[in-house]
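Single-structure report; data block below.
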Amino acid sequence: MGTPILLRFAALLRRRPILSGLIGLLILLVLLFDWNWVRPPIERYISRKTEREFRMDDLHVRLGLTPTIRMRGVYFGNAAWSREAKPMAKVEQLEFSVSLRDLPEKILVPRVALTRPELLFERLPDDRKNWILSEPTETSPTKLRISTLSVDQGRLRYIDHGEPFDVDVEASTFDAAKQEKVKNARAAPTNDRYSTRYKFTGNYHGARFDGTALTGEVLSFQESGVPFPIQGEVHAGTTNLWVEGTIADAANISGIDTQLRIEGKTLANLYPFLLLPLPASPPYSLAGRLILKGNRYTMDDLSGRIGSTDVFGKGAYIDQQPRPLLQADLHSNNLDLADLGPLIGIETKETGGKPKLTQSETRDRPTAKAKQKTVDPEHLLPSGSFEVSRLQKIDAEVDLQATRLKAPKGLPLESLKASLRLNDAVMKLAPVDFGFAGGTLAGRATLDARTPIIKSDVEIDLQGFRLGQFVTEDSAFARGAGRVGATLRLSGTGNSIADAAAKSNGRVATTVVNGRVSNLMDAASGLNMGKVITLLVGGDKDIGINCGGAVFDVKNGRGQSSLFVIDTEQTQVLGDGWFDLGDERFDLTVAPKPKHAGLLSLRTPVRVYGSFSNPDYQLKRGPLIARGAAVAALSAVGPLAPLIALIETGPGQETDCGKVRQQTQREAKQANISRKGQAAKPARAAKR
């Protein structure tokens, strides 16, 4: 059927010689047409439309339903507001195809092939981008869609002046079988193996990084339908990251499914990249599966070590407004608290004679510990500060559970269950539950970092812990079965634990019930030498602790005792004293008062004092001197007369243990009510 049509068309041309000549001329024009004839007007049009210089050395178009445009020697100037004195693009050869089938709904470019490109992308803090050519008032989405991009021997530099962030990328195709294909925009894109290498260096929030990545033949973008495999590594100081998997849309990274491994000397060094206020930990290694769907990054099958601590669980990072959200559910079979290192941060506010530690001095765990010991050897309370700006940049929901704990300095911590919530610069730790010395330690804390100076509110409740676990197992004291309870309610201001403690207000209360203590220790506390000798000869026994309690009122970091008593079957111990959380010093005087008469008693108060890190004690010399004088005077009467002055008359009284417990409980409740009342005042004021 086609042949008769062609014959009729040929007959028509013979009858119409003019039409035949025009068609022949058109065919000849198409065959001989040089697209460079229209290059100058195209250059002028683009330059005028974009207000930037545009030129090219050669232009060629291959027609069809998917025409291919090839430009050589392309030059495109930068925006007038650019801070860089370089063009936005210089390309040895640019070749791309356009799908006419998708017009006018969108301008679909199936493939862009770049040969030796030099590209400069730039963004200002006001969100102006040099690659956006439309008017700033134009908000409608662009119709341009690029599916894939291949690069041979190229360089890209991206500068974000607002982040701040800059990266310099060099790309090259190392697979010889792909060399010609990456230059051809008409070639069907495939990513069947790694064939292109990218090397990059850059800075992000002041932290330098570098690395390499292997990808397939093309970078895959939206609507390509071509997977984008990647295998890469990034190095930033002492931090190293490895990744292998696939990414959807290399430009907008709308999807990720990769295996990831990260290791480094300290988690604190991740802050510039993740903006997470992590502690200055010991060396760590973590691995897991990273998945991105929408704005949610999830880390499944997370496992690894931080120092000697094992950790496993899952986490998520949600990129949302006004602040990103970090979620984590972590577990550990053996958690060493020392591995968590100093708390957040590092820049310390000079206060109470404490030194000022800079970021560089404490950016890693060994340096932080060495610096702290060098300039502040006498203080125990951590002086590393929480950096307020870090707490204001992210929200967090973190749960941690540890089956077994290893605590520094032999603290009898046994297990841990903690929950942290950080929202709008207010961090709440509730609950923080420890297994502690056979009992429980329940803590709650609130840190309000909405102002430059952090406001803190801390509650600690100790229930049923055994004092005997603080000493060696074979000691007489360790055999006591007594249990201790304590409550602490403190509120303060300061950007470190030391600062807040030095300015804190509140109350500390303790109770001791149902305990036993060595009879020898009880006798020695009252310096009853006669009883000590008897026990040494006849053997030591345990005696009961009826009760005990102490209450300290704290104001501006200084605690003053309002109650201090320990009552055993044979001795009543009364005390009085103070402690100062700013200077980290204390001074307590305890006066043992035996309840029964005894021989060879040198009963005298004992003063315990000094710094938290270096305590000391001494006997009150006044009562000892008085008794010594009496011994000397009576020695003239006869050889046994001096013993009269050493006979203990037993002035100690039975302690009303019910009242002691009531008072310590009442003091704790009053502190709690006072704290809640102070927290309610701002709320009521806000309502008014």
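The values are calculated or read from the model by the stated rules, or taken from the named source; none is laboratory data. Note that the coordinates shown come from a computational prediction; the quantities given were computed from them, not determined experimentally. With ideal geometry, Cβ positions are generated from the backbone for all residues, glycine too; neighbour counts draw on all protein chains shown. SASA here: full protein model, heavy atoms, side chains in, ligands and nucleic acids out. Shrake-Rupley method; radii C 1.70, N 1.55, O 1.52, S 1.80 Å.
Summary table below
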quantity: SER419 accessible area, 1.4 Å probe, all protein chains in place, Å² to nearest 10; calculated: 20
quantity: Total formal charge among the other residues, if their Cβ is under 11 angstrom from that of ALA316, Lys/Arg +1 and Asp/Glu -1; calculated: -1
quantity: Distance (nanometres) between label positions extended 7 Å along Cα→Cβ at PHE33 and ASN556; calculated: 9.1
quantity: Interchain or long-range residues, amide H under 5 Å from TRP131's placed H; calculated: GLU122
quantity: Per-residue ³J(HN,Hα) for the stretch 304-318, Karplus 6.51 cos²θ - 1.76 cosθ + 1.60, θ = phi - 60°, Hz, x for Gly and Pro; calculated: x, 9, 10, x, 9, 8, 8, 9, 8, x, 8, x, 8, 10, 10
quantity: Reduced Cα scattering model of the stretch 208-250, Debye log10 I(q)/I(0), q = 0.19, 0.31, 0.34 Å⁻¹; calculated: -0.60, -1.02, -1.13
quantity: Out-of-range pairs (alpha-carbon distance over 32 Å; input LYS293/LYS393; LYS143/LYS183; LYS86/LYS393); calculated: LYS86/LYS393
quantity: For ASP57, distant residues with modelled amide H under 5 Å away; calculated: ARG72, GLY73, VAL74
quantity: Label point distance in nm, ASN614-GLU263, each placed 7 Å from Cα along Cα→Cβ; calculated: 4.2
quantity: Extension gain, GLN321 back to SER134 (0.36 nm per residue minus Cα-Cα distance, nm); calculated: 64.7 nm
quantity: Where the Cα pairs of the stretch 93-184 fall when distances are cut into 5 Å bins, in %; calculated: 3, 11, 16, 17, 19, 17, 11, 5, 1, 0
quantity: LEU100 versus ALA207: modelled label distance in nm, points set 7 Å from Cα along the beta carbon direction; calculated: 5.2
quantity: Solvent exposure, largest accessible area first (probe 1.4 Å, DNA, RNA and ligands not counted), of ILE291, ILE460; calculated: ILE460, ILE291
quantity: Solvent accessible area, Å² - ASP457, 1.4 Å probe, full protein context; calculated: 40
